[in-house]
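Only one structure is covered here, and it is reproduced in the block below.
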Amino acid sequence: MTIALLIVFFYAIAMWLVFYKYRLLKFNIAWGVVTFWVGFHVLFLLIVFLRFYTPYTIDGHVIRQTIQIAPRLPHPTLLEEVFVAQNQKVKKGDKLYQFDRTLYAAQLEEAQANLASAQQNALILEENIVLARDSVNEARANEQFANEQVNRYSNLVPRGGAKQETLDKWNAQLAGAEAQVAEAEANLKKAQLATDAKLDGVNAQVAAAQAQVDQAVYYLDQTTIYAPEDGMIISQQARPGLVVGGFRIGAIAAFVADADPYFLATFYQEHLKFVEPGQPVEVSLDFYPGQIFTGKVKSIWEGTGQGQIKPSGRVPDFLFMSPQGRFAVEIVLDDDPALKRYPGGAHGAAAIYTGGGGEWVAVLRRINMRLYAWINFIVPFDV
């Protein structure tokens, strides 16, 4: 809009000089129509050239990565201490919040006791195998002795050397011994099956108890929240006495990271026809009136929310969708690629110079950018 007004202004001055100041031509209806027609086309072509060869937007922002600070506690837990103030810089690993540890420390002790019991039971299972093997050996020895006795008396009874009652007695003892062998072998198999119940070579009960200990340690560790990386917490609202966990959904604070910020500017889709990564860019931030920052196009985000239909049971309603969504362009600034001195949310204008249309198109856009930068000294007008 600014460029259009400037073009109209200078064109009007030129016509005034030609027709009234120096009277190079005599103004009449014909010249009036020609003047308007030429001026309209000049304005139209300049605007088209500017829009496509030097895309411009006032919708640019510094974006900083944020991390939602959400306690991962399964039970309602009291917040005891807050170690960070509003907008205070912190380093990775610094303490942020301390929650009550009583319940989780008790759960850890219980899990450790269960682990010790499971480990002892695993040793008992090993001893049960030894006892079961001894029982099998004893039962087999009894079976062998009873079998020998049956064979002996089976030879003596027909010859009158022993009574039939004695042979019947040893036959009954042999049957009992065979049953004892079967029972002992079954007990040995059960003991072996109990011992063979393992996960990655560890007794199943011990593995389950160890998992409970690990879970208890995890939740105990979660009672202390540390800074995930360098950054700060914006708008510190969590206070001692706050209860979290259980059915609470959502974060208690937003952590703004120092690393990997970027400048994002959105453009109308048709204006990106000639834009490619690596092309020069000028940025004017409202935070720094009168200054122009140079940079380059890093990438074009080729997608908007209009390109996504969320899974649901409803048929998409396209009547209420916006006719056109803007596309975002990520820009890297030359003087501070890490954007360390720019706060998140800093707003500004950006212009991309594609190199098309001639240098005069770029000159007009540079004038536009500098007008925007200097007008920030007085806009907005509230004083």
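Consider Gln210 against the criteria (1) at pLDDT below 70; (2) of a type outside the set (Ser, Thr, Tyr); (3) buried (at least 16 other Cβ atoms within 10 Å of the Cβ): it satisfies all of them except one. Which criterion is unmet?
(1)
For the range 213-265, name all the residues that are buried (at least 17 other Cβ atoms within 10 Å of the Cβ) and among the small types (Gly, Ala, Ser).
If the condition is that a residue be buried (at least 17 other Cβ atoms within 10 Å of the Cβ) and among the small types (Gly, Ala, Ser), then Ala216, Ala227, Gly231, Ala238, Gly245, Ala253, Ala257, Ala265 are the ones that fit.
Tell me whether the range 338-345 contains one or more residues that are in the same structural domain as Trp374 (by TED's automatic domain parsing), modelled with pLDDT of 90 or more and not small (Gly, Ala, Ser).
no
Could you please let me know if Thr223 is at pLDDT 90 or above, in contact with a Lys or Arg (Cβ under 6 Å, 6 or more places away or on another chain) and either outside the structural domain of Gly344 (by TED's automatic domain parsing) or of a type in the set (Ser, Thr, Tyr) (or both)?
It is true that Thr223 is at pLDDT 90 or above, in contact with a Lys or Arg (Cβ under 6 Å, 6 or more places away or on another chain) and either outside the structural domain of Gly344 (by TED's automatic domain parsing) or of a type in the set (Ser, Thr, Tyr) (or both).
Return yes when Asp168 is over 22 Å from Gln210 (Cβ atoms), modelled with pLDDT under 70 and not aliphatic (A, V, I, L, M) and no when it is not.
yes
Pairs, please: C-beta under 8 Å, at least 6 apart or cross-chain, first residue assigned by TED's automatic domain parsing to the domain that holds Ile300 and of a type in the set (Phe, Trp, Tyr) and in the range 348-367, second part of a loop (DSSP other than H, G, I, E, B) and buried (at least 21 other Cβ atoms within 10 Å of the Cβ)?
Tyr353/Thr54
From Gln192, Gln173, Gln205, Gln149, grab the single residue that is modelled with pLDDT of 75 or more and assigned to a helix (DSSP H, G or I).
Gln205
Given (1) touching a Phe, Trp or Tyr at 6+ places or on another chain (Cβ under 8 Å); (2) within 30 Å of Tyr56 (Cα to Cα); (3) modelled with pLDDT under 90, identify the lone condition not met by Thr266.
(3) is the only condition that Thr266 fails.
May I ask you to say which residue of Phe274, Phe377 is in contact (Cβ under 8 Å) with a residue 12 or more places away in the chain, surrounded by 14 or more Cβ atoms within 10 Å (Cβ to Cβ), touching a Gly at 6+ places or on another chain (Cβ under 9 Å) and in a loop (DSSP other than H, G, I, E, B)? Can you show your working first?
Numbers: Phe377 fails: surrounded by 14 or more Cβ atoms within 10 Å (Cβ to Cβ).
Exactly one residue qualifies, and that residue is Phe274.
The values are calculated or read from the model by the stated rules, or taken from the named source; none is laboratory data. Owing to the predicted nature of the structure, the values given are computational and were not obtained by experimental measurement. Positions of Cβ are generated from backbone atoms using ideal geometry, with glycine treated the same way; all protein chains shown enter the neighbour counts.
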